[in-house]
Amino acid sequence: MTTTPRDPFTPQEIAAEGLKPEEYAEIVRRLGRHPNKAELGMFGVMWSEHCCYKNSRPLLKQFPTTGPRILVGPGENAGVVDLGEGLRLAFKIESHNHPSAVEPFQGAATGVGGILRDIFTMGARPIALLNSLRFGSLEDAKTQRLFTGVVAGISHYGNCVGVPTVGGEVYFDPAYAGNPLVNVMALGLMETPEIVKSGASGLGNPVLYVGSTTGRDGMGGASFASAELSDESMDDRPAVQVGDPFLEKSLIEACLEAFKTGAVVAAQDMGAAGITCSTSEMAAKGGVGIELDLNKIPVRETGMVPYEYLLSESQERMLFVAHKGREQELIDIFHRWGLHAVVAGTVIAEPIVRILFRGKIAAEIPADALAENTPLYERELLAEPPEYARQAWVWTPDALPACTTAGIEIQGRSHSWNDILLTLLDTPTIASKNWVYRQYDHQVQNNTVSLPGGADAAVVRLRPLEGQGSRGAGEPGTITYKSAVAATVDCNPRYVYLDPYEGAKAVVAEAARNLSCVGAEPLAVTDNLNFGSPEKPIGYWQLAEACRGLAEGCQELATPVTGGNVSLYNETLDSQGNPQPIYPTPVVGMVGLIPDFTKICGQAWQATGDVIYLLGLTVQSKVELAASEYLATIHNTVAGRPPRVNYDLERRVQQVCREGIREGWVRSAHDCAEGGLAVALAESSIAGNLGAEVKLEISPNQSQRLDEVLFGEAGARIIVSVASEQQQMWESYLQAHLGQDWQKLGMVSNFDAGLTVLTTDNQTLIAVSIEDMKGRYNNAIAKRLAAHTTA
């Protein structure tokens, strides 16, 4: 290949591949020549933020990644943890934000397909899915189209492929109006004796292309995912992939069968950047090279050129390295499942990716330059917090109107505490997500112990799968497994926006608290960092501070990070070209172990007469209205500093809750989160169809505001209910392990009594029926969608 006297590409052509001028100059320096069109495209996708984390990698190094149960940490397709009894869990979270903004159904559907491939590529059978979603205001017609399309896409792919969607979270905020977030987490149980890695090895070993055909769909999806969205983004529909869940189901079975033969040396999903990513990453991780002939690749379209082959993100495709002489054995397996399987290349000694097309070299690049030795930007952190944060931190509750036992007056209108509670229960972010999860098959595979909406975390029982006996569990069926895995996805983005460091710590703490509320010991984390542009000082400050908070939280709560995903440039360019970033949203997916799935609990009250307790910060403690859902919804104010995490109290409260559940004392447990104490009590009443009579140890002459007591938010707070006959034993345990950090609140009452909250001197703050609460809580989302449909 000869060097031309002038640059063969214009600055516009280089920018169209997502590359900066200085990056193009570096490519020329490394190659010793100008790249051709195909090579330029390969560098464009592999040097995108989506693939190489060039802005975030330095920040990710501070995450704790090792621990006694960690078998596979960051760097592979998914993390793997040891659950004991020969059981190993693979899990990972990924984003499909930009594709879902442009084509919500396929964007979300292929997000599910992609994360499932990350799991079974390791040799694990997918057992559960969760999702973390963010949208603009549900009153907005565009938001409703995106929301319904994303939910339909997730349900379509998950339901068809036969993996239950067991949990998740959905937030609605104008900050996400033009840039929704679609993060999908998957869990799988290892079914192969050895964990399948992605590093190629064995000179002369054949490289197999397996699965579906290659077409032009998904072209340049990785670069598309690394740029701001604009009014022209609808023109990028070809960058959105199209999935086939039925074909993926066959691919799962064929891959697991192939791995068990021992004929597979390494495997890599063709996700972002397709053939380019899989060849370069497998070669670089193995310290070898790969030669691949594009003419061997099965195609679904004619006339494709190397650039299109290499950048296609057609779904349901994998790349294998096989032991030489055993390739036909693998090909036969895939043909039996109705899938393509061809020998398309070879492992070579020279550490390069060499692409052949029509007998000639179409591209030749050092594998390391594409996959490992990629650009790295260590940006300068702001010397002090940005002005928006400093202004927000000035806010105090003194700015709010005074309140009384009767309620609060806002802009000349009186609102009772009943009104406030019902308004919060009707807020889509707090309200029941039943409209969403009823579209998901959450019981396929028959292992879902805790159904969506019933508990603070999903619970899936672990039963022996084929080949599980290889790690000492005996033959399948010889051991009755009583253990279960719990999983949750969490992030309060308003907290992170107002204080990225403290907010990110709170994300980790809440995820661990949610697992503890079902009796699970938190084990490990996968994270999805959704942020705006790191090239802007505020965007980088938010990212850096959030990473610092996540690292500290994971260290303090002993939940190492096994991997995850970074999604930057989540900004919408308005018609004037002004970028509107989302709230910084570092989603934490956390998994935990339950020793005995018969000893768990949900958030619902269980029986009349049960005693209700608040673990952690009591009603006399200082809790925050700052950054709260109450402040945002009722007072239309986003300000203040979010609650600070008290790690010592967090660990003690969670340990006490887990122990209480395992001993059989605790019959329900629910985290106090958005909406504070009053909303948590209401949710337990709604879930259990039982009322509650609660007396708060406060008096009207206290300086503490009543809205702080009812709706203020803080960490390390869990509401539990205990059978009255266990009361003495439970309170002795609380005294020994929590000291003064607990409080008896009241008792569970019957349905007709509703929820009643009183002061110490028996003044009524809240008295609302179960029917009224359920009407608001259960119908909030459907009501808004119906109003738009009939409008």
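The values are calculated or read from the model by the stated rules, or taken from the named source; none is laboratory data. All values derive from a computational prediction rather than experimental measurement. Please note: Cβ atoms are built from the backbone with ideal geometry, for glycine as well, and neighbour counts cover all protein chains shown. When the accessible area is computed, the model is the full protein with side chains, heavy atoms only, and any ligands, DNA or RNA have been set aside. Shrake-Rupley method; radii C 1.70, N 1.55, O 1.52, S 1.80 Å.
Looking at this structure, is Ile600 open to solvent by 10 Å² or more (accessible area, probe 1.4 Å), touching a helix residue (DSSP H, G or I) at 6+ places or on another chain (Cβ under 8 Å) and of a type in the set (A, V, I, L, M)? In short, yes. Among residues of segment 239-265 being more than 18 Å from Glu329 (Cβ to Cβ) and charged (D, E, K, R), the one that is least open to solvent (accessible area, probe 1.4 Å) is Glu248.
Just checking, which of Ser137, Ser155 is part of a helix (DSSP H, G or I) and of a type in the set (Ser, Thr, Tyr)? Reasoning before the result, please.
Values: Ser137 fails: part of a helix (DSSP H, G or I).
Going through Ser137, Ser155 in turn, just one is part of a helix (DSSP H, G or I) and of a type in the set (Ser, Thr, Tyr): Ser155.
Scanning segment 526-566 for residues that are open to solvent by 10 Å² or more (accessible area, probe 1.4 Å) and among the hydroxyl-bearing types (Ser, Thr, Tyr) returns a single hit, Tyr540.
Given the options Pro452, Pro428, name the one that is in a loop (DSSP other than H, G, I, E, B), buried (at least 17 other Cβ atoms within 10 Å of the Cβ) and in contact with a His (Cβ under 9 Å, 6 or more places away or on another chain). I'd like the intermediate steps shown before the answer.
Details: Pro428 fails: in contact with a His (Cβ under 9 Å, 6 or more places away or on another chain).
Answer to the selection: Pro452.
In summary, no strands (runs of 3 or more DSSP E) completely within segment 719-791 bear 2 or more residues that are without any contact (Cβ under 8 Å) to a residue 24 or more places away in the chain, open to solvent by less than 70 Å² (accessible area, probe 1.4 Å) and within 30 Å of Leu146 (Cβ to Cβ). Can you pull out every residue in segment 140-169 that is open to solvent by 10 Å² or more (accessible area, probe 1.4 Å) and among the β-branched types (Val, Ile, Thr)? Of everything in segment 140-169, just one residue is open to solvent by 10 Å² or more (accessible area, probe 1.4 Å) and among the β-branched types (Val, Ile, Thr), namely Thr148. One residue stands out in segment 626-661 among those that are open to solvent by 10 Å² or more (accessible area, probe 1.4 Å) and of a type in the set (Ser, Thr, Tyr): the one that is farthest from Tyr497 (Cα to Cα), namely Tyr647.
Does any residue in segment 678-692 that is among the acidic types (Asp, Glu) come within less than 7 Å, Cβ to Cβ, of a residue that is open to solvent by 10 Å² or more (accessible area, probe 1.4 Å) six or more places away or on a different chain, and which pairs are these? Listed pairs, sorted by first residue: Glu683/Gln603; Glu683/His670.
Residue check: is Pro401 at pLDDT 95 or above, loosely packed, with under 14 Cβ neighbours inside 10 Å and either in a loop (DSSP other than H, G, I, E, B) or not aromatic (Phe, Trp, Tyr) (or both)?
Answer is yes for this residue.
Starting from residues that are in a helix (DSSP H, G or I) and β-branched (Val, Ile, Thr), keep the ones in segment 404-425 and report whichever is most open to solvent (accessible area, probe 1.4 Å).
Among those residues, the one meeting the criterion is Thr423.
Residues in segment 187-220 that are open to solvent by less than 10 Å² (accessible area, probe 1.4 Å) and out of contact with any strand residue (DSSP E or B) (no Cβ under 6 Å at 6 or more places or on another chain) were compared, and the one that is modelled with the highest pLDDT is Gly215.
All of Ala349, Ala392 fail the test of being within 30 Å of Ser628 (Cβ to Cβ), in contact with a Leu (Cβ under 7 Å, 6 or more places away or on another chain) and modelled with pLDDT of 95 or more, apart from Ala392. With the requirement that a residue be out of contact with any Gly (no Cβ under 6 Å at 6 or more places or on another chain) and under 28 Å from Leu87 (Cα atoms), what does segment 573-598 give you? Listed by number, the residues that qualify are Val587, Val588, Gly589, Met590, Val591, Gly592, Leu593, Pro595, Asp596, Phe597, Thr598. In segment 65-89, of all residues being of a type in the set (Gly, Ala, Ser) and over 11 Å from Ala524 (Cβ atoms), the one that is nearest to the chain's Cα centre (by Cα) corresponds to Ala78.
Within the option set Gly84, Gly107, Gly75, Gly18, being open to solvent by less than 20 Å² (accessible area, probe 1.4 Å), touching a residue at least 12 places away in the same chain (Cβ under 8 Å) and either of a type outside the set (D, E, K, R) or in contact with a Cys (Cβ under 8 Å, 6 or more places away or on another chain) (or both) holds for one residue only, Gly107. Would it be correct to say that Gln620 is modelled with pLDDT under 95 and surrounded by fewer than 18 Cβ atoms within 10 Å (Cβ to Cβ)? Judged against the criteria, Gln620 is a match.
Restricting segment 567-583 to residues that are in a strand (DSSP E or B) and open to solvent by less than 40 Å² (accessible area, probe 1.4 Å), which is modelled with the highest pLDDT? In this case the residue turns out to be Ser567.
As for segment 321-338, it holds at least one residue that is open to solvent by less than 40 Å² (accessible area, probe 1.4 Å), at pLDDT 95 or above and either part of a strand (DSSP E or B) or touching a Lys or Arg at 6+ places or on another chain (Cβ under 9 Å) (or both).
If we keep just the residues of segment 347-389 that are of a type in the set (Val, Ile, Thr) and outside any loop (DSSP other than H, G, I, E, B), which is surrounded by the most Cβ atoms within 10 Å (Cβ to Cβ)? Let's see the steps before the verdict.
Here is the first cut: in segment 347-389, the residues of a type in the set (Val, Ile, Thr) are 347-348, 352-353, 355, 361, 365, 374.
After this cut, where a residue has to be outside any loop (DSSP other than H, G, I, E, B) as well, the list is 347-348, 352-353, 355, 361, 365.
Working: Val347: 24, Ile348: 19, Ile352: 21, Val353: 31, Ile355: 26, Ile361: 13, Ile365: 24.
Of everything passing the filter in segment 347-389, Val353 is surrounded by the most Cβ atoms within 10 Å (Cβ to Cβ).
Gln12 satisfies every condition listed in (1) assigned to a loop (DSSP other than H, G, I, E, B); (2) farther than 22 Å from Asp368 by Cβ except (1). All told, Pro493 meets the bar of being surrounded by fewer than 24 Cβ atoms within 10 Å (Cβ to Cβ) and either within 18 Å of the chain's Cα centre (by Cα) or on the phi > 0 side of the Ramachandran plot (or both).
Screening segment 266-319 for residues that are within 18 Å of Gly44 (Cα to Cα) and of a type in the set (Asp, Glu) and picking the one that is least open to solvent (accessible area, probe 1.4 Å) gives Glu313.
Could you list all residues from segment 87-104 that are outside any strand (DSSP E or B), touching a strand residue (DSSP E or B) at 6+ places or on another chain (Cβ under 9 Å) and open to solvent by 20 Å² or more (accessible area, probe 1.4 Å)?
As a first pass, look at segment 87-104 and keep what is outside any strand (DSSP E or B): 96-104.
Retained after the next criterion (residues that are touching a strand residue (DSSP E or B) at 6+ places or on another chain (Cβ under 9 Å)): 96-102, 104.
His96 - this is the single residue of segment 87-104 that is outside any strand (DSSP E or B), touching a strand residue (DSSP E or B) at 6+ places or on another chain (Cβ under 9 Å) and open to solvent by 20 Å² or more (accessible area, probe 1.4 Å).
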